[in-house]
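Working notes for the structure below.
What follows draws every value from the coordinates through simple rules; no lab data is involved. Since this is a predicted model, take the numbers as computed values, not measurements. Because the Cβ atoms are built from the backbone with ideal geometry, glycine has one as well, and the counts that use them run over all protein chains shown.
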Amino acid sequence: MSDSADAQTEKHHFQAEIQQLLNLVIHSLYTDREIFIRELISNAADACEKLRFIQASGGTVFQTDTAPGISLVTDEKAGTVTLTDTGVGMTREELVENLGTIAHSGTKAFLKQLAEEQKPDAKLIGQFGVGFYSAFMAAKRVVVSTRSKEVDGSGWQWISEGVGGYEIQPAGDLPRGTKIVLELKDDAKEFAEDYTLERLVKRYSSFVPFPIELNGKRLNTVQALWARSKSDIKEEEYQEFYRFIGHDPDAPLMRLHFTADAPLAIQSLLFVPTKNLEAMGMGRMDSEANLYCRKVLIQPKAKGLFPDWLRFLKGVVDSEDLPLNISRETMQDTSLLQKLNKVLTGRFLKFLGEQAEQQPETYEKFHAEYQRFLKEGIVTDYQHKEALSKLIRFETSGLDAGKKTSLADYVKRMPSDQKEIYFLLAPNRTSAESSPYFEVFRERRFEVLILEDPWDEFVMDHLHEFEGKPLKSGEKADLNLSETPKKEGALDEGSAKSLAQWMKESLGDRVGEVRISSRLVDSPAVVVDADKQTSASMRRILKAVRRDDSTPSPDRYDLEINPSHPILVRLEAIRQKDEPLAKDVTDQVFDNARVAAGILEDPRAMLGRLNQLLEKVLR
Ligand code: ADP
Ligand code: MG
């Protein structure tokens, strides 16, 4: 392995695997080479942590008075970055062992994976215990000077240009710790810029628990709050932390700080921003939940950590279990993420349920801002559909205007003869309550949910039922008022039937069927979807959404008429005497019903007729 040059300098070849690894690192992993900063700082932090541990457990170290810490110095002119730590350092043997061989069992698997994949992900490097070599992505030459914590040791220098091997020589009397000088490649000189390095250190290593200085300036001042116990954290600290990681001047609306031990060790601090930026037209948000392992950023905006519909969350998820699993079983990477996702999502849903109970006002604000996300979840995430159905709220005829209900509370209020949960889609409460579809519910004293959000009907479609009670559109509800006494002057069944038949002939193809309604009280007529698939209001939305509405099949609605309404009573009386007028009135009744359903395409067409009718009335 080693061929001696002179008494001072020893030349070593890299272990064959390292040679292979270096080639891959240098030649095919260029996309994300900035992560070498994170890797070197993480190593420095590990070395500091080892020192802290030894001292805490009563061990003696060289230079007891030097506190563990990390400093970076850039020299833009020379194109170098120097990273110094006062950690445990390395003996000569350790230098050879740690920087010249691959000791980790996961590394072979990693290499195999890299060889199989055409475009490997550079982000993974650090997770496979080969982080040190990422330095060669940016540096053409690396000089490591180190002095172990051992009291009777001495300094050593390790020098490599990546290819071929490395040299080791004694370096005399050094302070404890490790100094790494990176002589940057010509196309990597930007890393010697103070500004660039500051940005990178802050991105990846802000929460490293040892002080990091860059050119004499302290960079990491915010603590990794998620790893501290809740009871020791002041409100201001949380606020400061959120401002830092959330890039949001406003205080967060909600906060969840929790730890879990099984099935995975997780420490997490999550925030719901006060404002939903997506609703403000800022475009689709990207999750800002970052994945850490022992306070070092592994994946910013980690994809897959939460389901898509939780993309408004900001914060930190730290799992100690991460790198071990990943480095030992490379292919389990995604299943680990799935496990994390399951735990995190479950925990956050539970938290929302608790908030709804304990902090109703905050929850109301949350719901107002983020209900679309919950609904997106119901429609797209079968696994969490049920839990989410408990979290959505609706305006309802059963409560005062402005007060929203959960489905569970609606069910609790249902009278025993009500078997279904009813809803009406309407732009607002007034419009719902004045709709002909509402009449039967008012008479029967059944509560109706008022769905003001056009998405709600999709949601109801996907839910289908709640606590075993079918969710049913009020437009399609099979309800009648047969028990209520007939109004005076109402048409008898025979004349009502023949009127209905005549109206169908008069309206022709524009209507499916004309029937006698058993659910109307105050309105003369109502349109009902002939195919019973979608409600009238849903069709209106679909029409608006669909691009190619140029050649739709003609909408077919059934018309239900109210035989006790004066208009219908008189229509029956005049239809033989003045057929043209009766036809106009029929058209108008149909159009009015379509207006009530919100499906009249072009109201201008009916205005002419309406004016003629008015003229006749005033004659
Ligand atoms: P990992 O950090 O996953 O072990 P690396 O390739 O990053 O893999 O580092 C290899 C080894 O080199 C480390 O485990 C450590 O023993 C040693 N090492 C690297 N940097 C330092 C340092 N700054 N101080 C002391 N030891 C170091
Ligand atoms: Mg490392």
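Suppose each label sits 7 Å from its Cα in the direction of the beta carbon; what would the residue 247-residue 604 distance come out to in nanometres?
About 4.8 nm, to one decimal.
So, R0 is 45 Å and r is the distance between the beta-carbons of residue 581 and residue 351; what FRET efficiency does that work out to, to 0.05?
On the way: r = 65 Å, r/R0 = 1.44.
E(calc), rounded to 0.05, equals 0.10.
Hey, with R₀ at 25 Å, roughly what FRET efficiency would residue 260 and residue 335 work out to, going by the Cβ-Cβ distance, to 0.05?
Efficiency, rounded to the nearest 0.05: 0.90.
With n ≥ 4 as the cut-off for DSSP H runs, can you work out [θ] at 222 nm for the chain, using -39500 (n - 2.57) per run divided by the number of residues, rounded to the nearest 500?
Working: 20 runs with 237 residues, N = 619.
So the helix-based figure for the chain works out to -12000 deg cm²/dmol.
Cα centroids of region 553-619 and region 379-432: how far apart, whole angstrom?
Using only Cα atoms to place each centre, the spacing works out to 34 Å.
Given the chain, what whole percent of its Cα pairs are spread farther than 36 Å? Provide the component values of the computation, followed by the final result.
Working: 106160 of 191271 pairs.
Tail of P(r) above 36 Å: 56 percent of Cα pairs.
Loop-only check: which GluC sites (Glu not before Pro) in region 549-619 are DSSP coil with at most 13 other Cβ within 10 angstrom?
Numbers: sites: 560, 572, 601, 615; in loops: 601.
Answer by residue number: 601.
Please compute the modelled spin-label separation between residue 399 and residue 510, points set 7 Å along Cα→Cβ, answer in nm with one decimal.
Distance between the two pseudo-spin positions: 4.2 nm.
Can you work out ³J(HN,Hα) from phi for every residue in region 207-217, in order, using Karplus 6.51 cos²θ - 1.76 cosθ + 1.60 and θ = phi - 60°, giving whole Hz and x for Gly and Pro?
10, 4, x, 10, x, 10, 10, 10, 6, x, 9
Could you work out how much longer the chain between residue 215 and residue 240 gets when fully extended? Use 0.36 nm per residue separation minus the Cα distance between them, nm to one decimal. Could the numbers behind the result be given before it?
Numbers: separation 25, 0.36 × 25 = 9.00 nm, distance 2.48 nm.
Between residue 215 and residue 240, full extension yields an extra 6.5 nm.
Quick check: from the Cα gyration tensor, does region 152-218 come out rounded (a/c under 1.5), prolate or oblate?
Numbers: a/c = 2.61, a/b = 1.34, b/c = 1.95.
Oblate.
How far, in degrees from 0 to 90, does helix 360-380 lean away from the longest principal axis of the Cα atoms of the chain, to the nearest 10?
90
For the pair residue 445 and residue 573, what calculated FRET efficiency results from E = 1/(1 + (r/R0)^6), where r is the Cβ-Cβ distance and R0 = 30 Å, to the nearest 0.05?
Working: r = 34 Å, r/R0 = 1.13.
The computed FRET efficiency comes out at 0.35.
Share of antiparallel DSSP beta bridges in the chain, in percent to the nearest 5? Numbers along the way, then the final one.
Values: 69 of 88 bridges.
Here the antiparallel bridges make up roughly 80 percent for the chain.
Once the convex hull of the alpha carbons of region 392-473 is built, what does its volume come to per residue, in cubic angstrom? Don't skip to the answer; put the middle values down first.
On the way: hull volume 6.9 nm³, N = 82.
Residue-normalised Cα hull volume stands at 85 Å³.
Can you work out the Karplus-derived ³J(HN,Hα) for every residue in region 604-619? Use 6.51 cos²θ - 1.76 cosθ + 1.60 with θ = phi - 60°, whole Hz, and x for glycine or proline.
4, 4, 7, 5, x, 5, 4, 5, 4, 4, 4, 4, 4, 4, 8, 4
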